[in-house]
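The values are calculated or read from the model by the stated rules, or taken from the named source; none is laboratory data. A quick note: this is a predicted structure, and the numbers were derived from the prediction, not measured. Heads up, the Cβs are rebuilt from the backbone with ideal geometry, glycines too, and the neighbour counts pull from every protein chain shown. Surface accessibility is based on the protein's heavy atoms, side chains included, excluding ligands, DNA and RNA. Shrake-Rupley method; radii C 1.70, N 1.55, O 1.52, S 1.80 Å.
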Amino acid sequence: MSRRPLIAGNWKMNNNKRETLDFLASFLPKTEKLTAEVVICPPFTNLYTAADKIKGTAVKLGAQNMHWEEEGAFTGEVSPGMLKEIPCDYVIIGHSERRQYFAEMDDTVNKKIKSALRYGLLPIVCVGESLVQREEGTTMAWVLSQVEKALKDITSEQLEQIVFAYEPIWAIGTGKTASAADAQEVIGAIRKKIAKDYNQDVAEKVRILYGGSVKPENIKELMGEADIDGALVGGASLKPDSFYALCSFQH
Ligand code: PGA
């Protein structure tokens, strides 16, 4: 079974409106022939601007976070219905920066996944270990437990819609990439867990990305691994040239 590669750009709190327009003016004309699925995730305030420009292209839109409730007294939050209305296709859930700086927990990650799916948004669910955990040798147990908690009460039909991103925290924004073999080891273990807890069919369908200092120089090696289906990219997704180089790794 072949899974379509997915390259998602997580802009984090970068690229204002002018920069978003400049990025898209330069990036979009080149994307017509890309075979990988391409997603950009600008900050909330630029989602409508980006949605307007990517209309009619193959590029898809993602948000970086959402609340799990439909509406209500949640100052500063954005609901899944609001994202769908833009329209967003994807939403990043449980990024390590949300977990670290905004106290995002496994149970809220699980609630957000279910809520996103109810609204027809495809979740990109992030998991990954810290440097201390990597050095202690607890990476595998930690990551697999994050996956298990994220998937609490999720059916195999729902799971088919979910994308995972394995992002070792020590590799994010540091220039230190996990070796392709290390990334494959963890991602392969996630896929095996899904096969065991669900079934082989869904395990072969779910896309699992690697994230953490992915650059044009290392994308090919990462994508050469059997279970790595794409990349969640921060820094190298901010400029059209480097992001295009990543998206066209197969060409
Ligand atoms: P990076 O970020 O590519 O800048 O390391 C990846 C991410 O946080 O998704």
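Keeping every protein chain present and rolling a 1.4 Å probe, give me the accessible area per residue for the chain in Å². All intermediate terms of the calculation are to be shown ahead of the outcome.
Numbers: 11470 Å² over 251 residues.
Heavy-atom accessible area per residue stands at 46 Å².
Between Asp182 and Tyr101, what is the label-point separation in nm under the 7 Å Cα-to-beta-carbon projection?
2.4
How many percent of the accessible area of the stretch 62-235 is carbon or sulfur, using a 1.4 Å probe? Don't skip to the end; give the middle numbers.
On the way: 3980 of 7650 Å².
Carbon with sulfur: 52 percent of the solvent-accessible area.
What length, rounded to one decimal in nm, is gained on full extension from Ala58 through to Ala245, with 0.36 nm per residue of separation minus their alpha-carbon distance?
Computed gain between Ala58 and Ala245 is 65.7 nm.
For the chain, what is the relative contact order in percent, using Cα pairs closer than 8 Å and at least 6 residues apart in sequence? Walk me through the intermediate numbers first.
Numbers: 477 pairs, mean separation 53.7, N = 251.
Relative contact order of the chain: 21 percent.
What is the spin-label model distance, in nm, from Lys111 to Glu77 if the labels are put 7 Å beyond Cα along the C-beta direction?
About 0.6 nm, to one decimal.
Can you tally the lysine pairs in the stretch 1-65 where the Cα-Cα distance is under 21 Å and the two residues are eight or more apart, or on different chains?
Here the count comes out as 12.
Take the alpha carbon gyration tensor of the chain, find the square roots of its eigenvalues, order them as a ≥ b ≥ c, and report rounded if a/c is under 1.5; if not, report prolate when a/b exceeds b/c, else oblate. It would help to have the intermediate numbers written out before the result.
Numbers: a/c = 1.44, a/b = 1.13, b/c = 1.27.
Judged from the Cα gyration tensor, the chain comes out rounded (a/c under 1.5).
Mind checking which of Ala165, Ala51, Ala226 has the largest fluctuation in a GNM of the chain, springs on alpha carbons under 10 Å?
Most flexible of the set in this elastic network: Ala226.
Which FRET efficiency value, to the nearest 0.05, do you get for Glu221 and Arg118 by plugging their Cβ-Cβ distance into 1/(1 + (r/R0)^6) with R0 = 30 Å? Each step should come with its number before you reach the end.
Values: r = 38 Å, r/R0 = 1.26.
Working from the Cβ atoms, E equals 0.20.
Over the stretch 88-223, what is the relative contact order in percent, taking alpha-carbon pairs closer than 8 angstrom and at least six residues apart? Could the numbers behind the result be given before it?
Details: 191 pairs, mean separation 33.1, N = 136.
RCO, the stretch 88-223: 24 percent.
Along the stretch 187-204, what does the Karplus equation 6.51 cos²θ - 1.76 cosθ + 1.60 (θ = phi - 60°) give for ³J(HN,Hα), rounded to whole Hz, x for Gly and Pro?
Along the stretch 187-204, the couplings run 5, x, 5, 4, 5, 5, 4, 5, 4, 6, 7, 10, 7, 4, 4, 5, 4, 7 Hz.
List the residues, sorted by chain then number, that are 5 or more residues from Val91 or on another chain and whose placed amide H is less than 5 Å from its amide H.
Placed amide hydrogens put Ala63, Leu122, Ile124 under 5 Å from Val91.
Sequence-distant or interchain residues sharing an amide H contact under 5 Å with Ala165, placed H: which?
Val125, Cys126, Val127, Leu209
Taking K and R as +1 and D and E as -1, what net charge do the other residues with C-beta under 12 Å from the C-beta of Val38 add up to?
Working: positive: Arg4, Lys30, Lys33, Lys60; negative: Glu32, Glu37, Asp89.
Counting the neighbours of Val38, the net charge comes to +1.
Could you derive backbone 3J(HN,Hα) for the stretch 82-89 from the dihedral phi with the Karplus parameters 6.51, -1.76 and 1.60 (θ = phi - 60°), listing whole Hz in sequence and x where the residue is Gly or Pro?
5, 5, 5, 5, 4, x, 8, 9
What number, rounded to the nearest 500 deg cm²/dmol, is the helix-based mean residue ellipticity at 222 nm of the chain, given -39500 (n - 2.57) per DSSP H run of at least four residues and division by all its residues?
Numbers: 12 runs with 103 residues, N = 251.
Result for the chain, helices only: -11500 deg cm²/dmol.
Evaluate the charge dipole of the chain about its Cα centre and quote only its size in Debye, nearest 20, assuming +1 on the Cβ of each Lys and Arg and -1 on the Cβ of each Asp and Glu.
Charge dipole, the chain, about its Cα centre: 480 debye, nearest 20.
Residues with amide H under 5 Å of Thr174's amide H, sequence separation 5 or more or different chain, H placed in the peptide plane at 1.01 Å from N; which?
Long-range HN contacts for Thr174: Ser213.
From the backbone phi of the stretch 45-61, what are the Karplus-calculated ³J(HN,Hα) couplings (6.51 cos²θ - 1.76 cosθ + 1.60, θ = phi - 60°) in whole Hz, Gly and Pro given as x?
Once rounded to whole Hz, the list reads 5, 10, 5, 5, 4, 5, 4, 4, 6, 8, 3, x, 9, 8, 6, 10, 10.
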